[in-house]
Amino acid sequence: MLFPSYRPRRVRKNETIRKMVRETRLSVDNLIYPMFAIHGKKVKKEIPSMPGNYQLSVENLLKEAQAVHELGIPAVILFGIPQVKDAVGSGAYDEQGIIQTAVGALKEKVPDLMVITDVCLCEYTDHGHCGIVENGEILNDPTLEVLAREAVSHARAGADMVAPSDMMDGRVGVIREALDAEGYDGIPIMSYAIKYASGFYGPFRDAADSTPEFGDRASHQMDPANTREAMREAEMDVAEGADILMVKPALPYLDIIYRVKEEFDLPVAAYNVSGEFSMIKAAAREGWLDEERVMMESLTAIRRAGADMILTYWAQDAARILRG
Ligand code: PBG
């Protein structure tokens with residue numbers, strides 16, 4: 001393969017030939033759209049740090065979900081902002097809770113849209129931590145029981161899939177067992193298997209009102225410096241019954257997505273998180289970047305690294321472009 005007999009530019013001459021040799025495809029089928037449900041009526045409150053994303057009361061959530069479905073996006077992931085928060089996050093498993101209500105309404109109105117629910121306590125605890133706290137410590141084992149209860153209540157409400165994002169040790173197994181015991185053995189678990197303690201979640205915590213009151217999440221979320229540990233996390237979740245492995249965030253961790261895809265045979269999801277979205281939005285607003293171009297480049301890069309599916313706040317914008 002030496003110049004001048006080989007000339008790589010031959011296959012870049014025009015868009016027709018570029019399309020023919022393109023190695024990675026982004027499809028609407030790959031997209032999952034995150035949504036934020038809140039109590040009340042006629043609420044459509046834009047999240048200042050995430051332009052174009054809203055906290056939505058159920059009837060507005062239904063409208064938006066209908067639009068998502070019409071764009072051909074297969075799934076949404078739901079986050080809930082409860083009316084009241086307490087020390088144990090009891091709103092997380094309340095049968096009349098925000099997620100339970102929203103899921104019920106969604107499955108009735110837009111039955112073909114897959115509804116994934118985020119399973120965690122941070123949105124429901126008054127201290128904003130992902131677990132039960134005692135003497136300033138986030139307890140692992142007592143939290144598992146609450147997470148399992150939350151997952152089962154989501155399934156009972158009609159959720160098609162649950163996605164534990166708490167990063168407690170052993171939660172996938174406990175949730176799998178609880179779901180099976182209640183007859184939900186057909187509900188898949190998309191595990192946030194490898195979730196880093198990342199500064200890129202900042203805007204989301206405004207959206208979900210889940211910033212920890214003290215301390216941080218470094219005692220359960222992963223150190224951004226670690227790769228081998230990430231593989232052990234994924235291995236554990238596979239053994240405990242995860243159906244899909246997620247890596248989060250996406251863009252700063254493309255190497256991790258690649259490794260997970262190489263080493264495991266489960267489908268791989270990547271969460272293109274709030275900060276990844278907002279920083280590009282902000283730069284585009286300043287006129288420093290072409291948002292559409294950078295968005296499509298980012299999503300394609302996440303696919304190229306190995307993600308089968310991408311959770312992204314751009315799902316609707318990308319779907320519009322992909323559908324022409
Ligand atoms: C926890 C959860 C978080 C995100 C998804 N699930 C926040 C956190 O761990 O602090 C972040 C998503 C994003 O930044 O877009 N329930």
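Please list 3J(HN,Hα) in residue order for segment 51-61, calculated via the Karplus relation 6.51 cos²θ - 1.76 cosθ + 1.60 where θ = phi - 60°; whole Hz, with x for glycine and proline.
Values per residue, Gly and Pro as x: x, x, 10, 9, 7, 10, 6, 3, 5, 6, 4 Hz.
Answer with one residue from Thr125, Met168, Gly186: the one whose Cα lies farthest towards the positive end of the charge dipole of segment 101-239, charges on Cβ with Lys, Arg +1 and Asp, Glu -1.
Going by the Cα projections, it comes out as Gly186.
Tell me, what % of the accessible area of the chain is carbon and sulfur with a 1.4 angstrom probe?
Numbers: 7390 of 14870 Å².
Looking at the chain in its full context, I get 50 percent from C and S.
Write down the accessible area per residue of segment 25-322 in Å², having rolled a 1.4 Å probe over the full set of protein chains.
41 Å²
Just report the Cα centroid separation between segment 254-316 and segment 152-209, whole Å.
Between the Cα centres of segment 254-316 and segment 152-209 lies a distance of 21 Å.
With angles folded into 0 to 90 degrees, how steeply does helix 171-181 sit against the dominant principal axis of the chain? Use alpha carbons for both and round to 10.
Value to nearest ten degrees: 70.
Could you tell me the distance between the Cα centroids of segment 5-34 and segment 105-119, to the nearest Å?
Using only Cα atoms to place each centre, the spacing works out to 33 Å.
Under 5 Å between amide H atoms, partner at least 5 residues away or on a different chain: which partners does Gly80 have, H built in plane at 1.01 Å?
Placed amide hydrogens put Ala37 under 5 Å from Gly80.
Viscosity 1.306 mPa s, temperature 10 °C: give me the Stokes-Einstein translational D for segment 224-324 in µm²/s, with Rh taken as the Kirkwood radius over C-alpha pairs.
Reported coefficient: 111 µm²/s.
So in the chain, what percent of DSSP beta bridges are antiparallel if you round to the nearest 5?
Taking every DSSP beta bridge within the chain, about 15 percent pair in antiparallel fashion.
Step through the residues of segment 186-202 one at a time and calculate ³J(HN,Hα) from phi using the Karplus curve (6.51 cos²θ - 1.76 cosθ + 1.60, θ = phi - 60°), rounding each to whole Hz and writing x for Gly and Pro.
Per residue, the Karplus-derived 3J(HN,Hα) values read x, 8, x, 10, 9, 8, 6, 5, 10, 10, 8, 6, 10, x, 6, 8, x Hz.
Using Cα-Cα distances under 8 Å and only pairs 6 or more residues apart, what relative contact order does segment 65-162 have, in percent? Can you show the working numbers first?
Working: 159 pairs, mean separation 32.2, N = 98.
Relative contact order for segment 65-162 comes out at 33 percent.
Output the relative contact order of segment 25-322, whole-number percent, from Cα pairs under 8 angstrom with separation of 6+ residues.
19 percent
Once you mark the trypsin sites (Lys or Arg not before Pro) that are in a DSSP loop and have at most 13 other Cβ atoms within 10 Å, what is the longest gap between them in the chain?
Result, exposed sites excluded: 43-322.
Nearest 500 deg cm²/dmol is fine: what mean residue ellipticity at 222 nm does the chain get from its DSSP H runs of n ≥ 4 alone, each adding -39,500 (n - 2.57), divided by its residue count?
-12000 deg cm²/dmol
Please give every one of the lysines within straight-line cross-link reach of Lys45, meaning a C-alpha to C-alpha distance under 21 Å, and leave out same-chain neighbours fewer than 8 residues apart.
Cross-link targets: Lys63, Lys85, Lys281.
Would you kindly calculate the translational diffusion coefficient of segment 25-322, applying Stokes-Einstein with the Kirkwood radius from alpha carbon pairs, for 4 °C and a viscosity of 1.567 mPa s, and quote it in µm² s⁻¹ without decimals?
Here the translational diffusion coefficient equals 68 µm²/s.
Could you work out the relative contact order of segment 177-324? I mean the mean sequence separation of Cα pairs under 8 Å and 6+ apart, divided by the number of residues, in percent.
Worked out over segment 177-324, it gives 25 percent.
If each of Thr300 and Met236 carries a label point 7 Å out from its Cα toward its Cβ, how far apart are those two points in nm?
Distance between the two pseudo-spin positions: 3.8 nm.
In whole Hz, what ³J(HN,Hα) sequence does segment 279-291 give by Karplus (6.51, -1.76, 1.60; θ = phi - 60°), x for Gly and Pro?
Result, ordered by residue: 5, 6, 3, 5, 5, 5, 5, 7, x, 8, 9, 8, 4 Hz.
Given Cβ point charges of +1 (Lys, Arg) and -1 (Asp, Glu) and nothing else, what value in debye, to the nearest 20, does the dipole of the chain about its Cα centre take?
With Lys and Arg at +1 and Asp and Glu at -1, about 2160 debye.
Taking R0 as 45 Å, what's the FRET efficiency between Lys13 and Arg156 from their Cβ-Cβ distance, rounded to 0.05?
Calculated transfer efficiency: 0.20.
How about segment 207-316: which GluC sites (Glu not before Pro) there are in a DSSP loop, with at most 10 other Cβ atoms within 10 Å of their Cβ?
Those satisfying the criteria are Glu213, Glu286.
Counting DSSP beta bridges with both partners in segment 5-149, what percentage is antiparallel, nearest 5?
Here the share of antiparallel DSSP bridges comes out near 30 percent.
Work out, step by step, the length gained on full extension between Arg293 and Arg22: first 0.36 nm times the residue separation, then minus their alpha carbon distance; give nm to one decimal. Please list the in-between numbers first.
On the way: separation 271, 0.36 × 271 = 97.56 nm, distance 1.68 nm.
Result for the pair: 95.9 nm of gain on full extension.
Going Cα to Cα from Lys109, which aspartates and glutamates come in below 14 Å? Please leave out same-chain ones fewer than 8 positions away.
By straight Cα distance, Lys109 reaches Glu59, Glu64, Glu70.
Please work out the C-alpha center-to-center distance from segment 121-137 to segment 48-68 and express it in whole Å.
What the calculation gives is 27 Å, centre to centre.
The values are calculated or read from the model by the stated rules, or taken from the named source; none is laboratory data. Since the structure is predicted, the reported quantities are computational estimates derived from the model, not experimental observations. Here the Cβ is made from the backbone with ideal geometry for all residues, glycine too, and neighbour counts use every protein chain on show. The area values use the complete protein model at the heavy-atom level, side chains included, leaving out ligands, DNA and RNA. Shrake-Rupley method; radii C 1.70, N 1.55, O 1.52, S 1.80 Å.
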